[in-house]
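*Asks:* The structure under discussion is supplied below as structure tokens; questions concerning it will follow.
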Amino acid sequence: MKREVGIKPKHCKLRGEVAELRFMARAVDNGLRIIRPWGDSSRYDFVVELNGKFLRIQVKATSTKIDNAYSCHLSRGPQKRYTKDDIDFIAAYIIPRDIWYIVPVEMTGKSTLVLSPDKADSKHARYKEAWHLLRGESGSE
């Protein structure tokens, strides 16, 4: 049975803040050490420390469902896609399903990420709950 959850705030900024709180909790549950930059002007939301190296993470959340997939908007402004110069990973949260995708920025391509959590052979299936990537591990959890 699919678990349906939700983030209650209707205001998108507040909804994003709640998603960031959920990211922090899930990251800690997955054994990660996280750092939150001061202020709201960084191109990334969090830094994960990995053996003295730092990975920049941008958290995005979606509940927009199209057919059997969820659409996650990735732009950081009008027509400005995230690049390897900005961040290392997108942490995309599917709100109603409580599912995370940990996607290397170079694998995102366009300004929209289409996520199909029920399709094992989907383009981004290998990034579903891929917290091991942030721990520097090659295998799944």
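The values are calculated or read from the model by the stated rules, or taken from the named source; none is laboratory data. These figures come from a predicted structure and were not determined experimentally. All Cβ positions, even for glycine, are placed from backbone atoms using ideal geometry, and neighbour counts span all protein chains on display.
*Asks:* Residue 109 is checked against (1) assigned to a loop (DSSP other than H, G, I, E, B); (2) more than 21 Å from residue 19 (Cα to Cα); (3) in contact (Cβ under 8 Å) with a residue 12 or more places away in the chain and fails just one. What number does that condition carry?
*Replies:* In the conditions (1) assigned to a loop (DSSP other than H, G, I, E, B); (2) more than 21 Å from residue 19 (Cα to Cα); (3) in contact (Cβ under 8 Å) with a residue 12 or more places away in the chain, residue 109 misses (3) alone.
*Asks:* Does residue 84 fit the bill of being touching an Asp or Glu at 6+ places or on another chain (Cβ under 7 Å), part of a loop (DSSP other than H, G, I, E, B) and either free of Cβ contacts under 8 Å to residues at least 60 places away in the same chain or within 21 Å of residue 20 (Cβ to Cβ) (or both)?
*Replies:* On the way: touching an Asp or Glu at 6+ places or on another chain (Cβ under 7 Å): yes; part of a loop (DSSP other than H, G, I, E, B): yes; either free of Cβ contacts under 8 Å to residues at least 60 places away in the same chain or within 21 Å of residue 20 (Cβ to Cβ) (or both): yes.
Judged against the criteria, residue 84 is a match.
*Asks:* Right, here's the next one. For residues that are without any contact (Cβ under 8 Å) to a residue 60 or more places away in the chain, under 17 Å from the mean Cα position of the chain (by Cα) and in a loop (DSSP other than H, G, I, E, B), tally how many sit in the range 123-139.
*Replies:* Counting residues in the range 123-139 that are without any contact (Cβ under 8 Å) to a residue 60 or more places away in the chain, under 17 Å from the mean Cα position of the chain (by Cα) and in a loop (DSSP other than H, G, I, E, B) gives 4.
*Asks:* Please state which one of 96, 78 is assigned to a helix (DSSP H, G or I) and either surrounded by fewer than 22 Cβ atoms within 10 Å (Cβ to Cβ) or at pLDDT 85 or above (or both). I'd like the intermediate steps shown before the answer.
*Replies:* Details: 78 fails: assigned to a helix (DSSP H, G or I).
Unique residue meeting the criteria: 96.
*Asks:* Here's a follow-up. Please give the number of the condition residue 71 fails out of (1) at pLDDT below 90; (2) among the polar types (S, T, N, Q); (3) assigned to a strand (DSSP E or B).
*Replies:* Residue 71 satisfies every listed condition except (1).
*Asks:* Here are some residues: 39, 31. Which one is farther than 22 Å from residue 106 by Cβ and touching a residue at least 60 places away in the same chain (Cβ under 8 Å)?
*Replies:* Numbers: 39 fails: touching a residue at least 60 places away in the same chain (Cβ under 8 Å).
From the options 39, 31, the qualifying one is 31.
*Asks:* Further, regarding this structure: Which residue, of 108, 64, 112, 83, is at pLDDT below 90, under 18 Å from residue 14 (Cα atoms) and of a type in the set (S, T, N, Q)?
*Replies:* Values: 108 fails: under 18 Å from residue 14 (Cα atoms); 112 fails: under 18 Å from residue 14 (Cα atoms); 83 fails: under 18 Å from residue 14 (Cα atoms).
Testing whether each residue is at pLDDT below 90, under 18 Å from residue 14 (Cα atoms) and of a type in the set (S, T, N, Q) leaves just 64.
*Asks:* Let me ask something additional. Pull up the range 41-75, narrow it to residues that are closer than 26 Å to residue 122 by Cβ and of a type in the set (Phe, Trp, Tyr), then point me to the one that is surrounded by the fewest Cβ atoms within 10 Å (Cβ to Cβ).
*Replies:* Filtering the range 41-75 down to residues closer than 26 Å to residue 122 by Cβ leaves 44-46, 48, 55-75.
Within this subset, residues satisfying the condition of being of a type in the set (Phe, Trp, Tyr) are 44, 46, 70.
On the way: 44: 20, 46: 23, 70: 24.
Among residues in the range 41-75 that are closer than 26 Å to residue 122 by Cβ and of a type in the set (Phe, Trp, Tyr), the one surrounded by the fewest Cβ atoms within 10 Å (Cβ to Cβ) is 44.
*Asks:* Return yes when residue 118 is out of contact with any strand residue (DSSP E or B) (no Cβ under 6 Å at 6 or more places or on another chain), in a loop (DSSP other than H, G, I, E, B), in contact (Cβ under 8 Å) with a residue 12 or more places away in the chain and closer than 23 Å to residue 12 by Cβ and no when it is not.
*Replies:* Working: out of contact with any strand residue (DSSP E or B) (no Cβ under 6 Å at 6 or more places or on another chain): yes; in a loop (DSSP other than H, G, I, E, B): yes; in contact (Cβ under 8 Å) with a residue 12 or more places away in the chain: yes; closer than 23 Å to residue 12 by Cβ: no.
Answer is no for this residue.
*Asks:* Another one. Can you pull out the residues in the range 99-116 that are surrounded by fewer than 21 Cβ atoms within 10 Å (Cβ to Cβ) and over 25 Å from residue 53 (Cα atoms)?
*Replies:* Within the range 99-116, 99, 110, 111, 112, 114, 116 qualify.
*Asks:* Yes or no: residue 49 on the phi < 0 side of the Ramachandran plot, among the acidic types (Asp, Glu) and assigned to a strand (DSSP E or B)?
*Replies:* Numbers: on the phi < 0 side of the Ramachandran plot: yes; among the acidic types (Asp, Glu): yes; assigned to a strand (DSSP E or B): yes.
Yes: the conditions hold for residue 49.
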